[in-house]
Amino acid sequence: MTHARASSWIPFILLSLASIAAAAPTTQDELAAYACAACHDDLSGAGLRAAPNLALTVPLMQEGYLEAYLQEPHSAQGMTRMPDLMGGLDRSERLQAAMELADFLKGEAESPASGPAGSAALRDREPSAKLGEKLYHRIGCVMCHGARSPSKGSSKLPPRTAEMRSLDHVRVKYTAEGLAAFLGDPLAHRSAGLMPDMQLSRTEAADLAAYFAPISLGPGARRIPLAGSREAGASRFESMGCANCHGGIVDAREGALAKAVAEPIANTDAGCLSATPPAGVPDYRFDEDTRDALRTAIALMSAPLSSSAKIDHSLGAFRCTACHVRDGNGGVPMELDAFLETSEPDLGDHARRPPQLTGIGGKLRRTWMERVLFDGASVRPYMGTRMPIFGEGNVGHLPALFAEVDAQPAITFAKPKGDQKREYHDAAREMLGTTSLGCVTCHAFNAKPAPTFQGIDLITSPDRLQERWFRDLLIAPQKTLPGVIMPESWPGGVALHDTLLDGDTDKQINAIWDYLTLGRSARDPKGIAQPRWDVDVADRPKVYRGRSRVAGFRGIAVGFPEGIHYAFDANNGALAAIWRGDFVSVNWNGQGAGDFNPRARAVELARDVALLEKVAGNAPWPLRPTMTKEAPINPDPTYPRQHGYRFRGYHLGKDGTPTLRYALGDVLVEDRLVPIEVKGQKALRRTLVFEAKSPSAATFRALTGTIEKLGPGIHRGGGLSVTTSAGEARLRPLAEGQELLLDIELPQGRTQLELTYEIVN
């Protein structure tokens, strides 16, 4: 690659080797992985993987690592994607340049615009390296990074393949809290998604960090920057082309740094692709095979890719085939099979091994594929391996491609009506029960455990599966899902139970499907137990996650010792209910798996998205889709994402109080509610902290119903009195009642809003 000036280069730190090794040598993934388009506009069609956000990552590093890495990136980290940019400089010149760049990066990373670093590593107990070791080998880390402990039943480590990325550098790169912070939210640091979000809790991230046991490079004293070194480093950062890839530092400065410009590719045997790159040109240490692959990719830039090829390229780039099989390719190698665990071994390999992707677009609904890929949704709580989250920006194209490539002729089950509806539902309930087909013998039902094994909850089927695949599975389970432990109840398409619905196979399967679409309102088949018990709050706040009548299928209940509690709808980002008295009653023995409901009368709030980009004038507030018994499937499961909302989890303070984290587009939100006393009664004070990368404005919907203004910033309605600290409040009429909106100006940086909720009789 030929550059316009010798000092232009592309520092692209720590992109996964797997993006090359797992992809076919003629794909364009290599060009995206090396960020070629960051400097060569004529390669923009290959895409561009975002470089790490140095403003967040640099503060996580041990003192001295950054300088060593910048001097000799391939010595500090053998498998790095960071090129050597200091060819032609002697040892002392390299050291000087590295220190100046490091001083600049550290100074910029410490600026308020970069946000807090390391907060995710705060913990309530001492981290456990032993638990971290178990976690590493159970949740799937070994599939990309290889085993670090002897495999079960073996006295030696399974072999590491060339595709597996070494983690040897981690112990000297990060501090313990820095590594925990990174593992807790890797997509914030590296949005390219090649290190996915493994859905770790704060304590799990801390345990993993303890397992890697960072080794200090020295006494840890901060090197004092020399006079003018930051300014010199800023000049190097700009002139060397760092801003072409690393946008986080650009955003942290006053005014954008100029990007270096390179000429279009003219000679694929020169520049970066030469066997010995000249001084001032990025040296990626390509071997000849990689250079040939890149040349081939450049030559094929004008050739359109088929949808099937696009799928293959993405599965290779993100190492999906390290766990999943598609069309006979990929899957967990036998030497790592021992690390696939399950709590339901009697269900066979389908309870241990990640599901196949062959024909997945003809099996799953597109909306469910989006939930799995974007939110990490799972219906297999018994499986130890977790579904990574790669980020919607990285894999958002896959659901549509799967649906296109794997499409099968669709079928639609008829909707029974009138007397037929009762007949169908009674027959389905009997078939599912233990006195007939016995489906609930091995499957949970409506979050209630089965009497024996705990297979996938049957009630999730209509949300996840396409009708044709569901029918094929019931008629020929082994053909549709080879290896599944599931009996044939309609062998050859003939019903075994001919006394129900005239023994008509189509009617019976149609009836079961329609019964499952009833969701929470479906009556339990025979054989399903209905244990319920009460959850009380002792001397610390308590958090319970699960489905709820008041907070939806992603509900979070938070109880306080003071006797006032709330529920949050994490799917839509709305405070859903507040109540005083006893906490909740739940109906299953799994955290986050069963239903919960308040044990006292709750004041319920609207569960539509509560925060939007500024809503002007009389533009209507977008309402959440609703389901009924007649139409039980969510008609618009992407509703919250369409309006910019993304849930980012929560972290617990030292006293156990959770801080909810979510985003509105590029605005990050921390949402914390704590009990206070107002006029002798317990109330909740809610503090929302907005962090904006650039100036913007938002509208917060605080209350709906019949609302009365009691004074400046004080409104009452729907059983609550709400006091607000800031923002322009406006009341708008609705078809029934009103809505209270708060317009909030969000300058760059952090903005805080406080509200107080009092229950009024």
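The values are calculated or read from the model by the stated rules, or taken from the named source; none is laboratory data. Source: prediction; values computed, not measured. Cβ atoms come from the backbone with ideal geometry, glycine included; neighbour counts cover every protein chain shown.
General remarks:
- Taken as a whole, the condition of being at pLDDT below 95 and more than 21 Å from G653 (Cα to Cα) applies to R601.
- Subset of the range 56-94 that is within 21 Å of P214 (Cα to Cα) and among the small types (G, A, S) - its residue that is modelled with the lowest pLDDT: G78
- Any hit, the range 498-514, residues being surrounded by fewer than 20 Cβ atoms within 10 Å (Cβ to Cβ), at pLDDT below 90 and out of contact with any helix residue (DSSP H, G or I) (no Cβ under 6 Å at 6 or more places or on another chain): yes
- Residue in the range 523-532 that is part of a strand (DSSP E or B), within 20 Å of A444 (Cα to Cα), touching a residue at least 24 places away in the same chain (Cβ under 8 Å) and among the polar types (S, T, N, Q) present: no
- Given (1) within 35 Å of the chain's Cα centre (by Cα); (2) surrounded by fewer than 19 Cβ atoms within 10 Å (Cβ to Cβ); (3) within 18 Å of A577 (Cα to Cα), number of the condition D666 does not satisfy: (3)
- Restricting attention to the range 36-55, the residues that are part of a helix (DSSP H, G or I) and modelled with pLDDT of 85 or more add up to 2.
- Residue check, A68 within 30 Å of K310 (Cα to Cα) and either surrounded by 21 or more Cβ atoms within 10 Å (Cβ to Cβ) or of a type in the set (A, V, I, L, M) (or both): no
- T687 vs. criteria surrounded by fewer than 19 Cβ atoms within 10 Å (Cβ to Cβ) and in contact (Cβ under 8 Å) with a residue 24 or more places away in the chain: yes
- The listed residue being of a type in the set (A, V, I, L, M) and not in a loop (DSSP other than H, G, I, E, B), out of A192, A188, A227: A188
- Boolean, A567 is surrounded by fewer than 18 Cβ atoms within 10 Å (Cβ to Cβ) and either among the small types (G, A, S) or in a strand (DSSP E or B) (or both): no
- Sole exception among (1) under 30 Å from K654 (Cα atoms); (2) of a type outside the set (G, A, S); (3) not in a loop (DSSP other than H, G, I, E, B) for I512, by number: (1)
- Evaluation of R547 against (1) farther than 19 Å from P449 by Cα; (2) not assigned by TED's automatic domain parsing to the domain that holds I475 (one fails), failing number: (1)
- The set of residues in the range 170-181 being farther than 13 Å from D207 by Cα and not charged (D, E, K, R) consists of V170, V172, Y174, T175.
- Selection status of G717, under 24 Å from H565 (Cα atoms) and within 32 Å of the chain's Cα centre (by Cα): no
- Of the numbered criteria (1) closer than 22 Å to V558 by Cβ; (2) in contact with a Ser or Thr (Cβ under 6 Å, 6 or more places away or on another chain), the one L668 fails is (2).
- Qualifying residue in the range 343-366 (condition: crowded, with 19+ Cβ neighbours inside 10 Å and of a type in the set (S, T, Y)): no
- Failed condition for P345, given (1) closer than 20 Å to Q454 by Cβ; (2) over 20 Å from the mean Cα position of the chain (by Cα); (3) touching a residue at least 24 places away in the same chain (Cβ under 8 Å): (3)
- Counted residues, the range 479-509 - those being among the hydroxyl-bearing types (S, T, Y), in contact (Cβ under 8 Å) with a residue 24 or more places away in the chain and part of a helix (DSSP H, G or I): 1
- Of all residues in the range 431-475, those satisfying the criterion of being more than 29 Å from the chain's Cα centre (by Cα) and either in a loop (DSSP other than H, G, I, E, B) or within 21 Å of F596 (Cβ to Cβ) (or both) are G433, T434, T435, S436, L437, G438, C442, A450, P451, T452.
- Verdict on H651 being under 30 Å from R125 (Cα atoms) and in the same structural domain as G555 (by TED's automatic domain parsing): yes
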